[in-house]
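To start, the structure itself, in C-alpha cells.
Just so you know, all these numbers are worked out from the coordinates, no wet-lab data involved. The model shown is predicted, which means the values in this text are computed figures rather than measured ones. With ideal geometry, Cβ positions are generated from the backbone for all residues, glycine too; neighbour counts draw on all protein chains shown.
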Amino acid sequence: MTTESAHARPTNPAMVIWDWLRQNLFNTWYNSIISVLIVALLFQLLSTFLGWLLTTQGWVAVLKNLRLLFVGRYPADQVWRIELVVAMIALLVGLSGGVWKGIVRNLATGFGLILSVLGLLAFTFPNDGLNPFITPPIFLLGSAALVALGVWGGSRLAEAARIPLLISWVLLYPIAILIIRGGVGLPIVETNLWGGLLLTMILSSSGIILSFPLGVLLALGRRSNLPIIKGFCVAYIELIRGVPLVTVLFMAQLMLPLFLPDQVRIDSVLRAMVAVTLFSAAYLAENVRGGLQSLPRGQTEAARALGLNPVQTTLLITLPQALRAVIPVLVGQFISLFKDTSLVVIVGLIDLLGIARTIYSQAEWKDFTGGVWRETLLVVALIYWIFSFTMSRTSKKIEEKMSVGYR
Amino acid sequence: MAEHTNQEPIIICEGVNKWYGEFHALRDVTIRVRRGEVVVICGPSGSGKSTFIRTINRLEEHQRGTIIVDGIEMTNDIRNIDAIRRETGMVFQQFNLFPHLTVMQNITLAPIWVRKKTRKESEAKAKELLERVGIVEQAQKFPGQLSGGQQQRVAIARALAMEPRIMLFDEPTSALDPEMVKEVLDVMKELARGGMTMLCVTHEMGFAREVADRIVFMDRGQIMEEGTPEQIFTAPQHERTKLFLSQIL
C-alpha cells in the first residue's frame with residue numbers, strides 16, 4: 001500500500017473517463033480534429049443504419065417466409081419431422097450439459113436461450129395455419145424446456161449417463177437423416193425439397209462428422225511407412241488441395257453421372273455431401289499432420305520403449321496430443337466449411353443463402369420500395385454469424401481449459 | 001555391489017555396428033552384462049554411448065552384430081522386439097512423460113495395455129512405486145505441474161511399473177537443475193541396491209564411483225576401456241580415458 005500515493009488514482013469515475021479522453025483523443029490539436037471527425041462520421045453511419053433498421057417494413061418478407069428460410073420447400077405437413085429432430089437435439093444437448101457441465105453446459109444454456117427468444121418472438125409470427133397442433137412458439141419454447149429438463153436430468157444422472165449419451169450422439173446423425181428423409185413407414189421427402197437452414201446444417205454437419213475420421217486416417221496414412229498407402233494419401237491430399245471446392249462440387253454433380261451407368265442415380269444432395277466431405281478431409285488431414293509433426297520424437301520413443309505397439313502408440317499417445325494441439329485450427333476449418341456450403345447454390349441446391357435470394361426475388365416484393373434484399377440478407381448473415389461465433393467461442397474455451405496444467 | 005551379481009549374462013552384445021549414412025556410429029561394440037550388474041557408460045559427447053544404449057531396446061537399429069537380451073535375440077521380428085521392450089525399462093534425458101495424461105495414468109498406461117492388468121491392480125502398483133520414489137501426493141497432477149526432478153522420478157516409476165529385468169538410463173540427470181540431480185540419483189542408487197540390472201549413460205562420476213560394478217569408457221563409437229570404478233578412476237590405461245577424466249573430475 002506504500003506505492004498507493006505514487007500511483008494515486010482519482011476516485012471519481014467521471015474524472016477517469018475525462019482523463020482518458022484527454023490523454024488519448026485530445027492530446028494535440030490535430031488529434032482533436034481527427035477525433036471529432038471520426039465521431040461525427042460514426043454517428044452519421046450508425047444513426048442512418050439504426051434508423052433504417054427500426055423503420056423499414058421489409059422484415060415482413062422474412063417473417064412471411066420463415067418456413068422457407070428454415071426448411072426450404074420441405075412439405076409443410078411434414079415439418080413436424082424436423083421439429084422432432086430439433087427436439088431430440090435439444091434434449092441431448094441439455095442432458096450433455098447436465099452431465100459434463102462446464103463448456104457443454106454453457107452451450108446448452110446458450111442453445112436454450114436462443115430457442116426461448118425465438119419462441120417468444122414466434123408469437124408475433126404470422127401462422128400459416130398448416131400445423132395447428134405444434135405452432136412455432138409451442139415447438140420452440142417446448143424445445144427450450146427440453147434443454148432445461150435435460151440439464152436437470154443430466155446433472156442428476158451424472159457419471160452413469162456418459163456412455164449412453166455418447167452412444168445417443170453417435171446414433172443421432174443416422175436417425176435424424178432417416179427421420180428427415182423418410183422411409184420405414186414415413187413418406188419419403190425427396191432431397192430436392194430440402195433447403196434453407198436445414199440443407200446448410202445437413203451439409204455442414206455431414207461434412208464435419210464424416211470428414212473428421214477420413215481426415216485423421218489420411219493424415220496417419222501420409223505418415224505411414226507403407227509406400228502404397230503413403231503414395232495414395234499424398235496424391236489424394238495434394239490433388240484435392242490443388243482445386244477449388246467449386247470444381248469438386250461440379251465434378252460430383254456433373255461428371256460423376258457420366259461415368260456411372262444410367263440405372264445408378266445418386267441423389268444430388270448426397271453428391272454435394274460427398275464432395276464437401278472429400279474436400280474438407282484433405283485440408284483436415286494436413287492440419288492433423290501438422291499436429292502430429294509438432295510432437296517431440298521422445299513421445300513415440302517413450303511409448304515404444306514401454307512396449308506399446310504402433311497402433312496403441314498412435315491412439316493413446318500421439319493422436320490425442322496432436323488433436324489437442326490443432327483444435328483451434330480444426331474449428332477454424334469447420335467454420336469455413338460451414339460457410340463454404342453456400343457454394344452449393346451453383347450446382348442447383350438451395351441452401352440458406354440460396355433461399356435468401358429466392359425470398360427477395362419473389363414477385364410479391366416487386367413494388368416494395370428499395371426491395372427487401374437488405375433485410376433478408378441481414379437475417380441470413382445473423383444466422384451464419386450465430387453458428388460461427390458459437391464455434392469459435394467454444395474452441396477458445398476448450399483451449400483455455402486445456403492449457404491448465406498442460407505445457 | 002558384487003555380492004548380488006552372479007555370472008549369468010543377461011545382455012550379450014557381439015560386434016555391434018551402426019552407421020548413420022557414412023558416419024560409423026558404433027564400431028564392434030562387444031559387452032556382456034551380468035544379472036544384477038550396474039554398468040555406467042561414459043565418454044565424450046558424440047562417442048556413441050546413447051546410440052549404443054538405444055540399440056538394446058531397438059530405438060536405434062544396428063546393422064551388424066548380435067544383441068541378445070534375456071535370451072531373446074534382437075531381430076527384425078516385431079515380436080522379438082516387443083518381447084525385449086517388455087523386459088527393459090528406459091529413462092530418457094528429456095523425461096518424455098505423456099503430457100496429456102496424469103502421473104497416475106502415465107504409470108498405469110503400459111501395465112494396462114501391454115501387460116493386460118486390471119486398472120485396480122495397476123493403480124495399486126503405481127501407488128507403491130510413487131511411494132518408493134517419494135511423490136505419491138502428486139499422483140493426480142499432470143507432468144507439466146511437476147518440477148524436473150519430480151518428472152524424472154515419475155519416469156522411473158513408469159518404467160518400473162512394467163516390472164522390467166533391465167533398466168536403461170540415457171543421461172537421466174543431464175536436463176535437470178543441479179539441486180534436483182540428487183533426488184533422482186538417490187532413487188537410482190536405491191534401485192541398484194535392490195539388485196536391478198542397470199545400464200546408465202551418465203556423467204555423474206560420484207554416482208559411478210558409489211554404485212557401479214563396472215565403468216565402460218566409449219569414444220568414437222568404440223569401447224576404449226572398461227573396468228571397476230577403482231581401476232578406471234585410479235589407474236586408467238588409455239590416454240583418451242585419462243584426458244576425459246581429467247576434464248570432468
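Listing for the model above:
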| quantity | calculated |
| --- | --- |
| Spin-label pair A:W169/A:V184, simplified geometry with 7 Å Cα→Cβ offset, distance in nm | 2.2 |
| 24 Å Cα cut-off, lysine pairs counted over chain A (separation 8 or more, or different chains) | 6 |
| For B:E225, residues with placed amide H under 5 Å, excluding near neighbours | B:F217 |
| Centre separation in Å (Cα based) which lies between the range A:152-181 and the range A:20-55 | 51 |
| Qualifying aspartates and glutamates (Cα of each under 19 Å from Cα of B:K182; at least 8 residues distant if same chain) | B:E131, B:D170, B:E171, B:E190, B:E204, B:E210 |
| Nearest-0.05 FRET efficiency for B:E239 and A:V234, computed from C-beta distance (R0 56 Å) | 0.60 |
| GNM result for chain A, Cα springs below 10 Å: residue of A:L349, A:L295, A:L115 fluctuating most strongly | A:L295 |
| Peptides A:234-244, A:258-268 ordered by average Cβ neighbours within 10 Å, highest first | A:234-244, A:258-268 |
| Considering only the range B:9-246, percent of DSSP beta bridges that pair antiparallel, nearest 5 | 55 |
| Ranked packing of B:166-173, B:43-50, most packed first, by mean Cβ within 10 Å | B:166-173, B:43-50 |
| Average beta-carbon neighbours from other chains, 10 Å sphere, peptide B:89-96 | 4 |
| Placed amide H near B:R214: partners under 5 Å, 5+ positions off or other chain | B:V38, B:V40 |
| For A:292-304, mean number of other protein chain Cβ atoms within 10 Å | 4 |
| Residues B:E179 and A:V117, FRET efficiency given R0 of 56 Å [Cβ-Cβ distance, rounded to 0.05] | 0.40 |
| Fluctuation leader among B:V216, B:V154, B:V38 - chain B, Gaussian network, Cα springs under 10 angstrom | B:V216 |
| Antiparallel bridges, percent of DSSP beta bridges restricted to the protein assembly as shown (to nearest 5) | 55 |
| ³J(HN,Hα), Karplus 6.51/-1.76/1.60, whole Hz, each residue of the range B:72-84, x for Gly, Pro | 9, 7, 6, 10, 7, 5, 4, 5, 5, 4, 5, 4, 5 |
| Lysine pair count for the range B:48-176 [Cα-Cα under 21 Å; pairs on different chains or 8 or more apart] | 7 |
| Förster-model FRET efficiency, 60 Å R0, A:T369 and B:R165, C-beta, rounded to 0.05 | 0.10 |
| Backbone HN-Hα couplings from phi across the range B:49-58 [Karplus 6.51/-1.76/1.60, Hz, Gly and Pro as x] | 5, 5, 4, 4, 5, 7, 6, 5, 10, 6 |
| Karplus (6.51, -1.76, 1.60) ³J(HN,Hα), θ = phi - 60°, over the range A:36-44, in Hz, Gly and Pro reported as x | 4, 4, 5, 4, 4, 5, 4, 4, 4 |
| Order by protection proxy (mean Cβ within 10 Å, highest first), peptides A:95-104, B:121-130 | A:95-104, B:121-130 |
| Nonlocal amide H pairs with B:A139, under 5 Å, H built at 1.01 Å | none |
| Fully extended contour minus Cα-Cα distance, from A:A14 to A:Q293, at 0.36 nm per residue | 95.1 nm |
| Residue-averaged 222 nm ellipticity for chain A, from DSSP H runs of 4+ at -39500 (n - 2.57), nearest 500 | -23500 deg cm²/dmol |
| Point-to-point label distance, A:L193-A:L382, nm (Cα→Cβ direction, 7 Å offset) | 2.9 |
| Residues of the range A:196-213 with amide N under 13 Å of a point placed 7 Å along Cα→Cβ from A:D267 | A:199, A:202-203 |
| Partner chain coverage, peptide B:105-116 - average Cβ within 10 angstrom | 3 |
| Candidates A:M273, A:M201, A:M15: whichever shows maximal mean-square fluctuation once chain A is modelled as a Gaussian network with Cα springs under 10 Å | A:M15 |
